[in-house]
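In what follows, a single structure is set out as C-alpha cells and then discussed.
The values are calculated or read from the model by the stated rules, or taken from the named source; none is laboratory data. Bear in mind that the values here come from a model prediction, so they are computed numbers and not experimental data. Cβ sites come from the backbone with ideal geometry, for glycine too, and all protein chains shown count toward neighbours. With ligands, DNA and RNA removed, areas are computed over all heavy atoms of the protein, side chains included. Shrake-Rupley method; radii C 1.70, N 1.55, O 1.52, S 1.80 Å.
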Amino acid sequence: MADMAPNEELITTEEELEVWLLLSQVRKELLMASDRELKKRFGISTVQLGIIHALYASDEAGVSISLSDLSRQVLRKHNTVSVILAGMEERGLLTIERDNESKRSLSISLTDGGRTVFRETEAKRKNIKLIIGSLTAKERAQIVALLKKMDQKARDILYQGPYS
C-alpha cells in the first residue's frame, strides 16, 4: 500500500480505461487536425513543427540542442529524428553541421526559411485553436494542470531504473 500513488485505491478499471481511451482519442484527433492543416498550408508535419519549435526555442535561449534532447522533446527515436532532419535540411528549413573533432556531435540550426515557417504557423494555424478554444480559460488552466501532473508521473515511471 505504501507504493500507491495518491488516490490510486479509488480508481476503477472502467475509469482508468475511459480516461486512457479519451486521452488517446483526443491526442490522435489533435494530431490529425494539426497534420492536415500543416501539410496543406505549410508543407510540414506536426513532428517537423515540433522540431522547428524546439530549435527556435533553443536559439532564442542562446543554447544549442543535442540530437538526444531533440529526440526526447518530439518523442521519437534518434534514427527517426535523423531521417526527418535530413529531409528538413534538403527543404532548406535547417542546417546540420558535424563537429570536426567528434563526428557524432551535431550542430543543428534553423535557417531563415525555418524561422519564417515557425512564425507563420504560430500566426496562421486555426484547427488547434478552434479545438482547444472550445474550452473556457478556466477549463484550459485545469486541463493543463492535470496533464502536467500525469506527464510528470509518466516521465517518473519511464525514465527510472535500468530501462531509462
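State whether one or more residues within the range 42-64 are in contact (Cβ under 8 Å) with a residue 24 or more places away in the chain, over 17 Å from R91 (Cβ atoms), touching a helix residue (DSSP H, G or I) at 6+ places or on another chain (Cβ under 9 Å) and not in a helix (DSSP H, G or I).
The answer is yes, given that some residue of the range 42-64 is in contact (Cβ under 8 Å) with a residue 24 or more places away in the chain, over 17 Å from R91 (Cβ atoms), touching a helix residue (DSSP H, G or I) at 6+ places or on another chain (Cβ under 9 Å) and not in a helix (DSSP H, G or I).
Within the range 126-148, track down each residue that is open to solvent by 50 Å² or more (accessible area, probe 1.4 Å) and outside any helix (DSSP H, G or I).
K126, S134, L135, T136
Looking only at residues that are at pLDDT 90 or above and open to solvent by 100 Å² or more (accessible area, probe 1.4 Å) in the range 69-125, which one is farthest from T46 (Cα to Cα)?
The residue in question is D112.
Count, please, the residues in the range 30-46 that happen to be open to solvent by 90 Å² or more (accessible area, probe 1.4 Å) and among the acidic types (D, E).
Looking only at that region, the number is 0.
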